[in-house]
Amino acid sequence: MSTWAQAGRMALLLCGLVAVQAANSQEPVYPELSLSTGLNFSRGDFGTDADIEDFYVPIGFTATFENFAFRIKVPYLSVDTTSEGVTTTESGLGDISASLTAFNVLYSNDLDLALDITGSLKFGTADRDTGLGTGESDATLYLDGYKFFDNATVFGSIGHRWRGEPPNVAFDDVFLAMLGVTFATEWGGLVGTTFDYRESAISEFDDIQELQGFVVLPLGDAWDLEVYAFTGFTDSSPEWGAGITIAADLRRLALRRDR
């Protein structure tokens, strides 16, 4: 699963936290602080002659203010590669990333439309020698648009990623796009789907296209659980994958302990 898709799903999980607050008629108290982790598994050949199984375990922290949010993610990776009957495993720290989102840069109450802007940096902390990363940093700019309905939100994103180039490899900067919809449920959660597109950074490889479905389940007033599955449509995309993410509202947990 692409980092783009993971970032999109994390934003949706944060939307789930907001939805639970709204359902409980509780005004947010800023800053809102959340901590998340999970497990993501994907499988495919990703345009190579090998079978690759990827395990991804991120730890994320988010601080949300009234007009902006800051996020940081520290991932652990384990990659099994099977070629000609021989399996090798590489594991370790992935690429640490950080992002800053400005909310409602453009907003129309009459049309129920909103536009956010996100800038993110991926630091090249994964080991290049083991194939867990490029060893270089990337920068990405996203524009996220939302159309709100009574029980649904339609959203779309476009982005551009400036790729750092490791030695002896020519990476192109890439275009990214996402389109999705979420529906609020009677039990206070969310269900939805997204389609993700990412231009290939190497001209010989196919662009990445993924379809994902997800459910966000509120677990009490301080926890949210997201369950998702996805599949790809090109040789560079995963054949399939699935995962879970759990997020905790740290301020609500602290209030519980003080009671």
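The values are calculated or read from the model by the stated rules, or taken from the named source; none is laboratory data. Everything numeric in this text was worked out from a predicted model, so none of it was measured. So basically every Cβ, Gly included, is an ideal-geometry build from the backbone, and we count neighbours across all protein chains shown. In case anyone asks, the SASA skips ligands and DNA or RNA and just uses the protein heavy atoms, side chains included. Shrake-Rupley method; radii C 1.70, N 1.55, O 1.52, S 1.80 Å.
Structure summary
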{"quantity": "Percent breakdown of C-alpha pair distances by 5 Å bin, ordered from the shortest bin, for the chain", "calculated": "1, 6, 12, 16, 21, 17, 11, 8, 5, 2, 1, 0, 0"}
{"quantity": "MRE, 222 nm, helices only [DSSP H, n ≥ 4, -39500 (n - 2.57), over the chain, to nearest 500]", "calculated": "-4000 deg cm²/dmol"}
{"quantity": "Förster-model FRET efficiency, 25 Å R0, F70 and W240, C-beta, rounded to 0.05", "calculated": "0.15"}
{"quantity": "Furthest towards positive pole of dipole, G145, L100, I202, structure part region 86-210, Cβ charges", "calculated": "L100"}
{"quantity": "The chain, relative contact order in percent, only Cα pairs under 8 angstrom and at least six apart counted", "calculated": "17"}
{"quantity": "Integer Hz, Karplus 6.51/-1.76/1.60 couplings in order for region 213-226, x for Gly and Pro", "calculated": "x, 8, 9, 10, 10, x, 10, x, 9, 10, 10, 10, 10, 10"}
{"quantity": "Accessible surface of region 152-259, 1.4 Å probe, proportion on carbon and sulfur as whole %", "calculated": "60"}
{"quantity": "Cβ charges +1 (Lys, Arg) and -1 (Asp, Glu), total dipole of the chain, debye", "calculated": "1160"}
{"quantity": "In sequence order, calculated HN-Hα J values of region 206-212 (Karplus, 6.51, -1.76, 1.60; Hz; x Gly/Pro)", "calculated": "5, 5, 8, 9, 9, 10, 10"}
{"quantity": "Charge-dipole axis of region 24-101 as Lys and Arg at +1 and Asp and Glu at -1 on Cβ define it, positive-most pick from T82, P31, F55", "calculated": "P31"}
{"quantity": "Cα centre as origin, Lys/Arg/Asp/Glu Cβ charges: region 159-259 dipole, Debye", "calculated": "800"}
